[in-house]
Amino acid sequence: GRSARLQGLQKSESPREFFYGYPFFKEKGLKVDFVETDNVSRHRISMRYWRLRRISKILTKHFGIGCRAHMLLGLIDKINQYDVVIGTTDSIGLGLCYLKRCGLIKANIIFLNMGLGSGIAMRDHDQTVAHRRIEKEVIALLGYCKNLVSLGKPEHQYLLTLAPQLKAKLVFLPFGIDTRFWHPQENSRVGEAKTVLSVGNDPNRNWDMALK
């Protein structure tokens, strides 16, 4: 997890872009924390927990993306200590928006969209009443974030078309890279042969298109 990589960051052994702005906020003297759901103990069993877990399963079935509000129940008090919380996956972002709608979270939510638009677009052909109702619910949830950030221009454009009422919240932020970390070593042989460096493990990457 990224929390474990923070030590490597301080030793210049990890790139800075993997931390969603954490080191930059730190440098500005802001109070900033980093929480991963892998390190969150399961919230006490309750009707709310199981209801939220069921909602997540329904969304996962339709869009391949859940709503992990049930995993955030034990973090509400911690989240409300901050002015802004950044949701760094779609399921966490939707979970935060859901809890915001319920009045349980006061902090402003910055939702980093990591494929939500793509998940919805893949089901555009589904015209059933049930699916359209669920899609409408997801769009309504997005209204509870302060900003919905897309790292890809096509996805940003799709969301503008899908939910024009959210235009003021939609932000396109080109995916950046830490060139202070990712750069050729001294005396390297870069340029002598064609080399491709791929960072990450997204199974949906189009390698044929990348080579073209």
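Quick notes on this one:
- Long-range lysine pairs (8 or more apart or interchain), the stretch 91-191, Cα under 21 Å: 13
- R0 of 35 Å, Cβ-Cβ distance residue 131-residue 32: FRET efficiency to nearest 0.05: 0.35
- Considering only 95, 105, 175, and ranking their Cα positions along the charge dipole of the stretch 85-212 that arises from unit charges at the beta-carbon of Lys, Arg, Asp and Glu, the one farthest toward the positive end is 105.
- Taking the protein heavy atoms of the chain in the context of the full set of protein chains, the accessible area attributed to carbon and sulfur is 53 percent at 1.4 Å.
- Amide hydrogen proximity for residue 169: with H placed 1.01 Å from N in the peptide plane, no residue at 5 or more positions away or on another chain lies under 5 Å.
- Per residue, the solvent-accessible area of the stretch 40-141 (1.4 Å probe, heavy atoms of protein chains only, all protein chains present) comes to 53 Å².
- Correct option for P(r) over Cα pairs in 5 Å bins from 0, in percent [calculated from the coordinates] among [x] 1, 6, 12, 16, 18, 16, 13, 8, 5, 3, 1, 0, 0; [y] 1, 7, 13, 14, 15, 13, 12, 9, 7, 4, 2, 1, 0, 0; [z] 1, 8, 15, 18, 19, 15, 11, 6, 4, 2, 1, 0, 0: [x]
- Heavy-atom accessible surface of residue 128, to the nearest 10 Å², is about 70 Å², with a 1.4 Å probe and all protein chains retained.
- Toward the positive end of the charge dipole of the chain, with +1 on the Cβ of Lys and Arg and -1 on the Cβ of Asp and Glu, the farthest Cα among 62, 154, 46 is that of 46.
- Put a plus charge on the Cβ of each Lys and Arg, a minus charge on the Cβ of each Asp and Glu, and nothing anywhere else: the dipole of the stretch 60-145 about its Cα centre is then about 180 debye.
- Length released on extending from residue 16 to residue 161, taking residue separation times 0.36 nm less the Cα-Cα span: 48.9 nm
- Computed from point charges on the beta carbon alone (+1 for Lys and Arg, -1 for Asp and Glu), the dipole magnitude for the stretch 97-208 about its Cα centre is near 580 Debye.
- Within the stretch 122-173, the proportion of Cα pairs with more than 15 Å between them is 48 percent.
- Solvent accessible area, Å² - residue 122, 1.4 Å probe, full protein context: 140
- The chain, dipole about Cα centre (Lys/Arg Cβ +1, Asp/Glu Cβ -1), debye to the nearest 20: 820
- Reach of residue 194 by Cα under 20 Å, taken over aspartates and glutamates that are not fewer than 8 positions away in the same chain: 186, 208
The values are calculated or read from the model by the stated rules, or taken from the named source; none is laboratory data. The shown structure was predicted, so the numbers you read here are calculated from the model rather than taken from an experiment. Note that each Cβ is placed from the backbone with ideal geometry, even for glycine, and that neighbours are counted across all protein chains shown. Protein only, heavy atoms only, side chains kept; ligands, DNA and RNA dropped before computing areas. Shrake-Rupley method; radii C 1.70, N 1.55, O 1.52, S 1.80 Å.
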